[in-house]
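Structure first, commentary second.
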Amino acid sequence: MRSNQVFARMSAEESAAFLERLKDEAPAVARLALGAAADAFKLRPTFLKKQPRTRQAEWMRRALGRNIGAAIAEEVLATYFMDHRSELLVELLDTLEVEHEEGTLKDKPDCPEKKKLQAAVEKFRQGEDPETRELLLMAFTAQSSIDWPPLDELLGVEAA
């Protein structure tokens, strides 16, 4: 899975909820995502700002869901989780027993054994805010430095 596929898989409701979180918690990341949407569809940023949030979210989802949007999609997801949801990212990495420094991977991590990975994912999913936890799992497996087919399988996604 690639980062653009995370956005392509989002429903209209999920993308609207994610954009709301971005605007509330990470306004700079929201501007990056909406800027990418404006560029992709050749919209003036002021026009996009005046649109209802559901329409903004749909343009964001469509722009970041395209193959050409993969790099920006990865940046949006990584920045959001690294800078604004780092406690959740650290929890995931600790649960997966991945070596990191405050959420930043030290090296390209090896995939844990399948049973251990499954137990870690199940444990992580049991916490509060299940939608954000699931998005983080998708964002993690979509990183260019992660090649864990068993995780893709657990999440029901295709490997990139």
Next item on the list: Determine, for each peptide in 69-79, 3-13, the mean count of other beta carbons within 10 angstrom over its residues, then list the peptides with the highest first.
Entry: 69-79, 3-13
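Quick check for the chain: number of Lys pairs with alpha-carbon distance under 17 Å, counting only pairs 8 or more apart or on different chains?
5
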Next item on the list: Please give the peptides 100-109, 21-30, 139-148 ranked by average Cβ packing (other Cβ atoms within 10 Å per residue), highest first, as a rough proxy for protection.
Entry: 139-148, 21-30, 100-109
Note to self: What whole-number distance in Å separates the alpha-carbon centres of segment 85-135 and segment 21-78?
What the structure shows: 26
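With viscosity set to 1.567 mPa s at 4 °C, what whole-number translational diffusion coefficient in µm²/s follows for the chain from Stokes-Einstein and a Kirkwood radius over Cα pairs? Can you show the working numbers first?
On the way: Rh = 16.0 Å.
Once the numbers are plugged in, D ends up at 81 µm²/s.
Please label the shape of segment 85-155 as rounded, prolate or oblate, based on the square roots a ≥ b ≥ c of the eigenvalues of the alpha-carbon gyration tensor (a/c under 1.5 means rounded; beyond that, a/b larger than b/c means prolate, else oblate).
Rounded.
Mind giving me the FRET efficiency for Glu153 and Arg55? R0 is 22 Å, r the Cβ-Cβ distance, nearest 0.05 is fine.
On the way: r = 35 Å, r/R0 = 1.60.
Calculated transfer efficiency: 0.05.
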Check: For segment 105-115, what does the Karplus curve 6.51 cos²θ - 1.76 cosθ + 1.60, with θ = phi - 60°, yield as ³J(HN,Hα) per residue in whole Hz, taken in order and with x for Gly and Pro?
Finding: 5, 7, 9, 5, x, 7, 6, x, 4, 3, 5
Next item on the list: Report the label-to-label distance for Glu128 and Arg44 in nanometres (one decimal), using points 7 Å from each Cα along the Cα→Cβ vector.
Entry: 4.4
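What shape does segment 3-83 have by the C-alpha gyration tensor, where a ≥ b ≥ c are the square roots of the eigenvalues, rounded means a/c under 1.5, and otherwise prolate means a/b greater than b/c and oblate the rest?
Numbers: a/c = 1.30, a/b = 1.13, b/c = 1.15.
Judged from the Cα gyration tensor, segment 3-83 comes out rounded (a/c under 1.5).
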Notebook entry, point to check: For Arg62, Arg55, Arg2, what's the fewest-to-most ordering of other Cβ within 10 Å of each Cβ?
Noted result: Arg55, Arg62, Arg2
Checklist line | Sites Ala71 and Glu99, calculated FRET efficiency, Cβ-Cβ separation with R0 22 Å, nearest 0.05 | finding: 0.30
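Any read-out appearing in this document is the output of simple, stated calculations on the displayed coordinates, not a laboratory observation. All figures in this text were calculated on a predicted structure; none of them were measured in a lab. Because the Cβ atoms are built from the backbone with ideal geometry, glycine has one as well, and the counts that use them run over all protein chains shown.
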